[in-house]
Amino acid sequence: MTVESTIRAILRAGTFTQRIQQIRLVPQRHGTEDHGTIYAAVARELYMPHLAPDFAYIHESPFYETEHFFAAYDMAARMTEGFTRVSETELQTVLLECPRSLLVFRTLLGLTKDEFAHSTLLAGGPDELAPLTAAQIDTLERSAIDYQRPNTAAALTKAMAQAQVAAKTITMAMNGELFGDAPDGLKSKQRKPDTESGWASVRNFAANGVPLRVFLHQRHYGGAFRQVLDATSTLRGDLIEDAVEALFTARGISFIRTGSHNQADIAKRFEVHVTPAPDFVVFDPTDDSLKAMLECKGTNNGGTARDKALRFRSLKAESVRLGGVPLIAVLGGIGWARINDALGPVVRDTDGRVFTLSTLESMLEIAPFSSGSSSSRLTG
């Protein structure tokens, strides 16, 4: 068969099982010099259209949403009378009465929690004030907006000490006293529109608003959604795995989701020696035999997709060693739009058992999930 006729046979397969059968025939029909062309064409036509641009979405995170921040801002603005009453003593009072307002003042300074924590060490050190930790800062900034002062002497003393060192740090940073002059080629983080002239700049923006070009430049300068993306990175990383687990659970499929806690058990129970183990193993509960291995990979970067594709090569070798246990891929992100050395090789190593969040239900049409998969017609 010609390369074109093989590609055509794969594209015209009526069921997912028939598609897999056609893809498995490629090594028999063609020399290795043709494989890349075939797998890339199949990947481009059958799999790439289902890749979702997950970069277009972010997880909701209450700490980063407007409700939480606006409440803190409104309290900070009201209690400082439009940022006019901002002496160190006045800031200490605000922070003691409304600890969440620290979020506003820290954001004004352009410092992360870790950076602000270290700054409290610099500011409070000469006066032997105990510095804040990043965890303490997080607790303060997440506190209730209707926070009540501690009612025990020890707790009140601690709260006052925290407010004192935070107020001192904010004051020294805003006055340009904390960090000193920037070395050649660098500039202070406070040299930005809203703090360029200290509190005067803050009051101007608070009273008159922020021009759109300034607002957009700050997004350009600081990175769009960077903080919330970092804060929810674990959720994003688990997005595909969670969807697979939900599907398997809903359909009563026997599986184990692997992790660092059960690697040894997977190796002993199913003789899976590749490390780390695939993200999921599917098994038959009647005899505890391994029925499939499934790996989830998501990325919006083509270079990362290329690197992650190598994982499927080692999983393929393990599949062969185990007697041809089906290897399944569930992919996410536009990084897999890199065809020749990323998506194409995954199609090759899985014999076409490649799915995305939008095609996940189709996985149930193939072995070992459906004995009647040959009668399930493909729709795309």
Review point. Is it the case that the stretch 170-187 has a residue that's in the same structural domain as Ser101 (by TED's automatic domain parsing) and within 30 Å of Asn300 (Cα to Cα)?
Key: no
Review point. Within the stretch 154-171, is there a residue that is surrounded by 12 or more Cβ atoms within 10 Å (Cβ to Cβ), part of a helix (DSSP H, G or I), of a type in the set (Ser, Thr, Tyr) and within 28 Å of the chain's Cα centre (by Cα)?
Key: no
Exercise for review: Being buried (at least 17 other Cβ atoms within 10 Å of the Cβ) and among the hydrophobic types (A, V, I, L, M, F, W, C) is the filter here, so list the residues in the stretch 15-47 that pass it.
Suggested key: Phe16, Ile20, Ile23, Val26, Ile38, Ala40, Ala41, Val42, Ala43, Leu46
Review point. Considering the stretch 174-214 alone, what residues qualify as being within 23 Å of Leu121 (Cα to Cα) and acidic (Asp, Glu)?
Key: Glu177, Asp181
Check your understanding: Does any residue of the stretch 282-302 turn out to be in a helix (DSSP H, G or I), out of contact with any strand residue (DSSP E or B) (no Cβ under 9 Å at 6 or more places or on another chain) and touching a residue at least 12 places away in the same chain (Cβ under 8 Å)?
Key -> yes
**Study point:** Residue among Val214, Val210 that alone is at pLDDT 90 or above, exposed (fewer than 15 other Cβ atoms within 10 Å of the Cβ) and closer than 30 Å to Asp54 by Cα
**Key:** Val214
Practice item. Filter the stretch 217-255 down to the residues that are buried (at least 16 other Cβ atoms within 10 Å of the Cβ) and in a loop (DSSP other than H, G, I, E, B), then identify the one that is modelled with the highest pLDDT. Key: Ile253
Point to revise | Breaking point among (1) under 30 Å from Leu178 (Cα atoms); (2) of a type in the set (Asp, Glu); (3) not in a helix (DSSP H, G or I), for Glu60 | key: (1)
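The values are calculated or read from the model by the stated rules, or taken from the named source; none is laboratory data. Computed from a predicted model, the values in this text were never measured in an experiment. Please note: Cβ atoms are built from the backbone with ideal geometry, for glycine as well, and neighbour counts cover all protein chains shown.
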